Structure formats: C-alpha cells, structure tokens
Amino acid sequence: MKMRAARMHGYKQPLVLEEVEVPKILPTEVLVHVEAAGMCRTDFQLVDGYFTALDLPFPATPGHEIAGSIAAVGAGVPAASGLAKGDQVVVVGGWGCGECDQCRVGNHQICGKGRWPGFGLYGGYGEYVPVPYQWLIRLGSENNLKPEELAPLTDAGLTPYRGIKKLQQAGVLGPNSILAVNGLGGLGMYAVQYAKLLSGGSLVVALARSDEKLAIAKEFGADVIINVKGKTLDQVRKDLIRETGRGEFNAVIDCSGAEESIGLGTGLLATSGAYCSVGLVGNRINIPLFPLVAREQTFYGSFWGNYVDLSEVIELAKKGQIKHQINIVRFEDVNDCLDRLRDSDFVGRAVLTYK
Ligand code: FEH
Ligand code: ZN
Ligand code: ZN
C-alpha cells in the first residue's frame, strides 16, 4: 500500500513530495494514520541543518506533532493497552530509552538516548507512522476534538504547559504575582491560556511585536497586552507601570528565545523572580550576572513535555478549556508553509492535513 510523504533527501533543500510504501510495524508497534501534523519551527530548522549533530540518514520525514487514528495494532501490543483499530490517538513526542535517570522519573522527552518521530525515516509529514504502543494517548469516543486541534497540543500546546508548571512549583505565581508571556507564536497562544488556568490569579501580561497577535492574546485571556516593537526596556517598563501600577514581573514564560526577548524579560524580572525559557528562536543567552545572583532570581529551561504533562493538557482540551488558533495546510503546500514558518508568518499554529 502506498502513502504520501514530504521527505528530506538532504539539508537545505525543499522536501520532496512523493508516494512511498506504508511502513510495516513491529509486533509492539501501532500503525498510526496521520490525520494532522503540527508544523513546528524545529521542522524548518531540521531542514536547514540546525541539527546536523543528529547525523540524520536520508530520506527523512519531519513532523513530531501528530494526531490521527489507529490503522493497525501489532501482534505483541498488550491488550491492557486498550488500543484498537480506529481509536483516535495523539503521539507522545519523546520516546525515551526507559532505563536512564530521566526515563526512570518519567521525563522521557529529555532522555539522552531517546528517539523522536519526525527525526528519522517516519514522521507526521507522511500519512502513516509506526509508533511504539506506549507512546500513544487514546482519546476515547467522548470528545469532540478535531485532529487539527489535537496535533498542536502534543508540542506547541504541551511545551509552555510544562514551563508554567515549573513556575508554579517555583512558588512565584498567585494573586499578587505578575506573570509575563513573552512571545506569541505557536507556543505563546497556549501559554497565555495556561497562565490564566494554572497561575492561581496572577495578572497575565502578554508581550509581542504584533498587534494582531496581541489582540488574540487578549481574547485568550491576557489581562494586559504590550506591544514591545522598537521599544527600549525603560519604555516597556513605563507601559507596564501605566497598565499595572508595578514595573516588574514576578515570573516570565519565554516562548520566543530570541536574545532581545530574553534580555527584555530578564531586565524586568523582580527580586526572587523566576524565568522559564521554552522558546528556541535564539542560540545563546546574554544576561547580566549580578542581578541574577544579587536578586536571587531563578532561570529555568524547560523542554517539550512528558506523558503526564500531555495527558493533563488533553484533559484540559477535552473539557473545552483550551482555545485553538489553527492554520490548515494542504500537503501540496508544505514547502511554501515551511518558508512562511521561517518568516514567522503564521498567527497560531500551522497544521498539515491530508484531506
Ligand atoms: C523537538 C525535538 C528537537 C528539538 C526541539 C524540539 C521542539 O520542537 C520540541 O518542542
Ligand atoms: Zn516542536
Ligand atoms: Zn532514557
């Protein structure tokens, strides 16, 4: 049987749209029919050779943000998994080794020996993906979520969730706290919602360079929106004081990662404040040492999310507590949309479908 796949045959070249054999599955794997695949910045970075250290064999199929249905179940998949042909599922991203320190505590997404769909022969930019059965979450019939809403939750909608949980655990959220969401790309639109849902009454301030994205952030629950385009740190501080009466953030979830974005966010971080970086736009962090130490600030990195995090996100979505900002992409347009991703040209998440 054949399937459509948009595949890499080398770095820095367009994906080749081709018809290839549907993968065979191992006994403990499930064949997932991909109904939607979120398009992540990491995908164009992969194509552009940011991850050459992975020594990717070609052809390779990008796409690590996958929702779909079960097309076949391997003979060795335990009945206790409850997985059956036709079930609606999402794919958990980080397939850990199961033995290392990180995997033993359930943080498979930061396993040093893990595998990720979309970083090898199969990924969401192909119509079928073989998935080890333990990396699937079954939705159950009692939900009305569409595949194009589910797919982004496995990465864009998961990554800021884990990051805000870290800020929660740091004890910097609550009714007297100001929580900033820095950057309103695919991750930031979910971050604003979690900032309201998880922060115990924090005042949520959204920072971005686009009035269109800020307007959506307001719709998604931000209490205050500030356009930071072309502004100095002092000008943003003045805006913050005007809007909130205070000139600092107690907590920041940074969904950008650009050097100037981190510079702004940390420059406005309060004493004992906590900063959590989840965005990967930049390459390096350049922040003054003395304030970080003398004001006892905490800087967290947070990567993707684990099985428990994703299960919690799916439950929030099933209860209708998450709004979705989706741009449907046709398979034929995948290369054009990777170019648009490079230019941060999407408002919300681009999602590849095979309709
Ligand atoms: C996934 C795999 C490798 C690098 C970065 C990522 C992120 O897109 C996960 O959110
Ligand atoms: Zn990603
Ligand atoms: Zn491991």
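Taken together, the values in this text are just the output of simple stated rules run on the coordinates, not laboratory data. Because the structure is predicted, anything quoted here is derived from the model rather than measured. All Cβ positions, even for glycine, are placed from backbone atoms using ideal geometry, and neighbour counts span all protein chains on display.
Exceeding 19 Å between C-alpha atoms, which entries from my cross-link table qualify? They are K166/K238; K2/K355; K24/K355; K12/K213; K196/K218. All intermediate terms of the calculation are to be shown ahead of the outcome.
Values: K166/K238 28 Å; K2/K355 16 Å; K24/K355 23 Å; K12/K213 30 Å; K196/K218 11 Å.
Listed pairs above 19 Å: K166/K238; K24/K355; K12/K213.
To check my understanding: the extent here is largest minus smallest coordinate of the Cα atoms along each principal axis. What are those three numbers for segment 276-355, in Å, largest first?
Computed over the Cα atoms, the extents are 55, 34, 20 Å.
Grab the beta carbon distance between N286 and E332, set R0 = 56 Å, and tell me the FRET efficiency rounded to 0.05.
The calculated FRET efficiency here is 0.85.
Given a cut-off of under 8 Å on Cα pairs at least six residues apart, what relative contact order in percent is computed for segment 187-285? Don't jump to the answer; show the numbers that get you there.
On the way: 148 pairs, mean separation 20.9, N = 99.
Across segment 187-285, relative contact order equals 21 percent.
With angles folded into 0 to 90 degrees, how steeply does helix 307-318 sit against the dominant principal axis of the chain? Use alpha carbons for both and round to 10.
The answer is roughly 80 degrees.
Once the other residues with Cβ under 10 Å from the Cβ of I66 are scored (Lys, Arg +1; Asp, Glu -1), what is the net sum?
On the way: positive: none; negative: E35, E65, D155.
Within the 10 Å Cβ shell, the charges total -3.
What number in nm² do you get for segment 138-237 if you take the convex hull of its Cα atoms and divide its surface by four? It would help to have the intermediate numbers written out before the result.
Numbers: hull surface 30.4 nm².
Mean projected area for segment 138-237: 7.6 nm², to one decimal.
For helix 188-198, what angle does its Cα long axis make with the longest principal axis of the chain, in degrees from 0 to 90 and rounded to 10?
That helix lies at roughly 70 degrees to the long axis.
Based on Cβ point charges of +1 for Lys and Arg and -1 for Asp and Glu, what charge dipole magnitude is obtained for the chain about its Cα centre, in debye rounded to the nearest 20?
500
Quick one: Karplus J couplings for segment 124-136, per residue in order, coefficients 6.51, -1.76, 1.60, θ = phi - 60°, nearest Hz, x for Gly and Pro?
x, 7, x, 6, 9, 9, x, 10, x, 4, 6, 9, 10
Would you tally the net charge around K85, using a Cβ to Cβ cut-off of less than 15 Å, leaving K85 out, and scoring K and R as +1, D and E as -1? Spell out each step's value before the answer.
Working: positive: R138; negative: E29, E35, D87.
Residues near K85 contribute -2 overall.
Residues with beta-carbon under 13 Å from that of Q169, excluding Q169: net charge, scoring Lys, Arg +1 and Asp, Glu -1? Can you show the working numbers first?
Details: positive: R162, K165, K166; negative: D309.
Counting the neighbours of Q169, the net charge comes to +2.
What percent do you get for the relative contact order of the chain when only Cα pairs under 8 Å and 6+ apart count? Before the final figure, lay out each step's value.
Details: 832 pairs, mean separation 63.4, N = 355.
Reported as a whole number, the value is 18 percent.
Cross-link candidates for K113: which aspartates and glutamates have Cα within less than 12 Å, leaving aside residues fewer than 8 places away along the same chain?
K113 reaches E99, D101.
Let's test the formula: R0 of 30 Å, r as the Cβ-Cβ distance of A215 and N144. What FRET efficiency results, to the nearest 0.05?
Numbers: r = 27 Å, r/R0 = 0.89.
The computed FRET efficiency comes out at 0.65.
Would you be so kind as to identify which of P59, L292, H324 lies farthest towards the positive end of the dipole of the chain, taking Lys and Arg as +1 and Asp and Glu as -1 on Cβ and the Cα centre as origin?
It is L292, whose Cα lies furthest towards the positive end.
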